[in-house]
Amino acid sequence: MKKAMMVAKAAKPLGPYSHAVIANGFVYVSGQGPANPQTGLLPATIQEQVKQTLENIKTILEGVGSSLEQVVKVNAYLSDVANFGEYNQVYRTFFTHDFPARTTIGCTMLEAEMLVEIDCVAVLL
């Protein structure tokens, strides 16, 4: 059985998708970008965008009854792989031990100002 979830405090989706889907004891979080949920604005730098994106994911996970500590898999998409070092610096402030499995790839973003998108899978508490 699956349950689609929307979290009131999270950034509004740009398309027809749920913030997360709960199924079989896991939370599957849709790809999140760096939009500030209150203003809709994107931060300017890669570091600020990674931080806001991970804050957005944290909001969704906590809103459905999980947490960053329960994340088992992360997929990250960078508009420029040259930003990988800066991405890692911020990522390490959110995941400090027992690191999730992770994939990071370079890709073209739908919005030119968007430098990062991240999705994840976490255990439901």
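None of the figures in this text is laboratory data; all of them are computed from the coordinates on show. None of these values were measured; they are calculated from a predicted model. So basically every Cβ, Gly included, is an ideal-geometry build from the backbone, and we count neighbours across all protein chains shown.
Which is more than 19 Å from LEU42 (Cβ to Cβ), free of Cβ contacts under 8 Å to residues at least 60 places away in the same chain and of a type in the set (Ser, Thr, Tyr), of THR93, THR108? I'd like the intermediate steps shown before the answer.
Working: THR108 fails: more than 19 Å from LEU42 (Cβ to Cβ).
Going through THR93, THR108 in turn, the sole match is THR93.
Check whether at least one residue in segment 112-122 is surrounded by 13 or more Cβ atoms within 10 Å (Cβ to Cβ), in contact with a Lys or Arg (Cβ under 8 Å, 6 or more places away or on another chain) and either part of a strand (DSSP E or B) or acidic (Asp, Glu) (or both), and report yes or no. Yes, there is a match, as at least one residue in segment 112-122 is surrounded by 13 or more Cβ atoms within 10 Å (Cβ to Cβ), in contact with a Lys or Arg (Cβ under 8 Å, 6 or more places away or on another chain) and either part of a strand (DSSP E or B) or acidic (Asp, Glu) (or both).
May I ask you to say which residue of LEU115, LEU78, LEU61, LEU41 is in contact with a Phe, Trp or Tyr (Cβ under 7 Å, 6 or more places away or on another chain) and either within 18 Å of ALA8 (Cα to Cα) or of a type outside the set (Lys, Arg) (or both)? Break it down into steps so the answer makes sense when it comes.
Working: LEU115 fails: in contact with a Phe, Trp or Tyr (Cβ under 7 Å, 6 or more places away or on another chain); LEU61 fails: in contact with a Phe, Trp or Tyr (Cβ under 7 Å, 6 or more places away or on another chain); LEU41 fails: in contact with a Phe, Trp or Tyr (Cβ under 7 Å, 6 or more places away or on another chain).
Criteria check complete, one pass: LEU78.
Where the second residue is part of a strand (DSSP E or B) and surrounded by 13 or more Cβ atoms within 10 Å (Cβ to Cβ) and the first is at positive phi and of a type outside the set (Lys, Arg) and lies in segment 6-33, which pairs have Cβ atoms under 8 Å and are six or more apart or on separate chains? Pairs that qualify, where the first residue is at positive phi and of a type outside the set (Lys, Arg) and the partner is part of a strand (DSSP E or B) and surrounded by 13 or more Cβ atoms within 10 Å (Cβ to Cβ), are GLY25/VAL123.
Among the residues of segment 60-99, write down those that are more than 14 Å from the chain's Cα centre (by Cα) and among the acidic types (Asp, Glu). Result: ASP80, GLU86, ASP98. Hey, any hits in segment 86-96 for a residue that's within 19 Å of LEU124 (Cβ to Cβ), touching a Cys at 6+ places or on another chain (Cβ under 6 Å) and not acidic (Asp, Glu)? There is no residue in segment 86-96 that is within 19 Å of LEU124 (Cβ to Cβ), touching a Cys at 6+ places or on another chain (Cβ under 6 Å) and not acidic (Asp, Glu). Among the residues making up segment 56-85, those that are of a type in the set (Ser, Thr, Tyr) and farther than 14 Å from ALA122 by Cα are TYR77, SER79.
When GLN38 is tested against (1) polar (S, T, N, Q); (2) exposed (fewer than 15 other Cβ atoms within 10 Å of the Cβ); (3) over 22 Å from TYR17 (Cα atoms), just one condition goes unmet, and that condition is (3).
Of all residues in segment 85-101, exactly one satisfies the criterion of being surrounded by 15 or more Cβ atoms within 10 Å (Cβ to Cβ) and out of contact with any helix residue (DSSP H, G or I) (no Cβ under 8 Å at 6 or more places or on another chain), namely PRO100.
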